[in-house]
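Worksheet for the structure shown next.
The values are calculated or read from the model by the stated rules, or taken from the named source; none is laboratory data. Everything quoted here is computed from the prediction, not taken from an experiment. Note: ideal-geometry Cβ built from the backbone for every residue, glycine included; neighbour counts use all protein chains shown.
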Amino acid sequence: RKEVEQDPGPFNVPEGATVAFNCTYSNSASQSFFWYRQDCRKEPKLLMSVYSSGNEDGRFTAQLNRASQYISLLIRDSKLSDSATYLCVVKVHDYKLSFGAGTTVTVRA
Amino acid sequence: DVKVTQSSRYLVKRTGEKVFLECVQDMDHENMFWYRQDPGLGLRLIYFSYDVKMKEKGDIPEGYSVSREKKERFSLILESASTNQTSMYLCASSKPGTGQQETQYFGPGTRLLVL
């Protein structure tokens, strides 16, 4: 079983729409959680950390459910520039991050 | 501004060749990582290093070795390249810490094709 699993999508949404997707992780001892963003043919970059109480960063909201071992990302008022692959990332133990394969979001005009 | 550079963006090698991929970071980070990224599989950790001359195996170290002689430089070596090592190779670095502090900063990647 993969340590981090994501729905690959793609999620095709119109501008202004809300889109949400989850990822699940297998190791209940996982310590930290993140969303990274990867544009086509570019390197991944940190989008936001995910905190136990949930957190927002502008139009992006991340939630963590430790009991069910999933993390979610919600994007409100989607922009064309939000088109990317979103990588769910879990810190399993010191130094090591486990990456999901990514969820692709395409925002259309 | 944070900067991780990789020696090549594209590389074509023949089966059996020895391949060197170099990564340099200018952020004085202790931790450095090598991943490969393949469609549908995500990023998989090959090796990482948390200090000069220290190295640890990741999830898929077979067929690879690494070298960290200086803090800013982490090299990945394919001793005898094989076609199943055709992939995108990404280097990253980070500081030790928790939460936002442990953000990994990635280089632009090297797309390696082994013929």
Meets criteria (within 17 Å of residue A:41 (Cα to Cα) and buried (at least 16 other Cβ atoms within 10 Å of the Cβ)) for residue B:90: yes
Lone qualifier among B:78, B:112 - being closer than 28 Å to residue A:103 by Cβ, surrounded by 17 or more Cβ atoms within 10 Å (Cβ to Cβ), aliphatic (A, V, I, L, M) and touching a residue at least 60 places away in the same chain (Cβ under 8 Å): B:112
Long-range neighbours under 9 Å by Cβ, at least six apart or interchain, first residue among the acidic types (Asp, Glu) within region A:12-28, second assigned to a strand (DSSP E or B): A:15/A:107; A:15/A:108
Region A:9-34, residues that are exposed (fewer than 13 other Cβ atoms within 10 Å of the Cβ), under 22 Å from residue A:90 (Cα atoms) and not hydrophobic (A, V, I, L, M, F, W, C): A:10, A:28
Unique residue being away from chain B (no Cβ under 14 Å), under 13 Å from the mean Cα position of the chain (by Cα) and in contact (Cβ under 8 Å) with a residue 12 or more places away in the chain when the list is A:73, A:80: A:73
Residues of region B:32-76 that turn out to be assigned to a strand (DSSP E or B) and either among the basic types (Lys, Arg) or more than 22 Å from residue A:4 (Cα to Cα) (or both), as a count: 15
Test result for residue A:49, at pLDDT below 95 and out of contact with any Phe, Trp or Tyr (no Cβ under 9 Å at 6 or more places or on another chain): no
Where residue B:103 falls short, out of the listed (1) in contact (Cβ under 8 Å) with a residue 12 or more places away in the chain; (2) within 14 Å of residue A:43 (Cα to Cα): (1)
Count - residues of region A:86-106 that are assigned to a loop (DSSP other than H, G, I, E, B), more than 15 Å from residue B:94 (Cβ to Cβ) and out of contact with any Cys (no Cβ under 6 Å at 6 or more places or on another chain): 2
Scope region B:24-74; condition surrounded by fewer than 20 Cβ atoms within 10 Å (Cβ to Cβ) and of a type in the set (S, T, N, Q); matching residues: B:65, B:67
Filtered residues of region A:85-109 (kept if farther than 21 Å from residue A:25 by Cβ and among the aliphatic types (A, V, I, L, M)): A:107, A:109
Scope region B:24-58; condition closer than 16 Å to residue A:44 by Cα and of a type in the set (A, V, I, L, M, F, W, C); matching residues: B:32, B:33, B:34, B:41, B:43, B:45
Residue ID - farthest from the other protein chains (Cβ to nearest Cβ), chosen from residues in region A:29-49 that are touching a residue at least 40 places away in the same chain (Cβ under 8 Å), not in a strand (DSSP E or B) and not acidic (Asp, Glu): A:29
Matching entry among A:33, A:11 (being at pLDDT 95 or above and of a type in the set (Phe, Trp, Tyr)): A:11
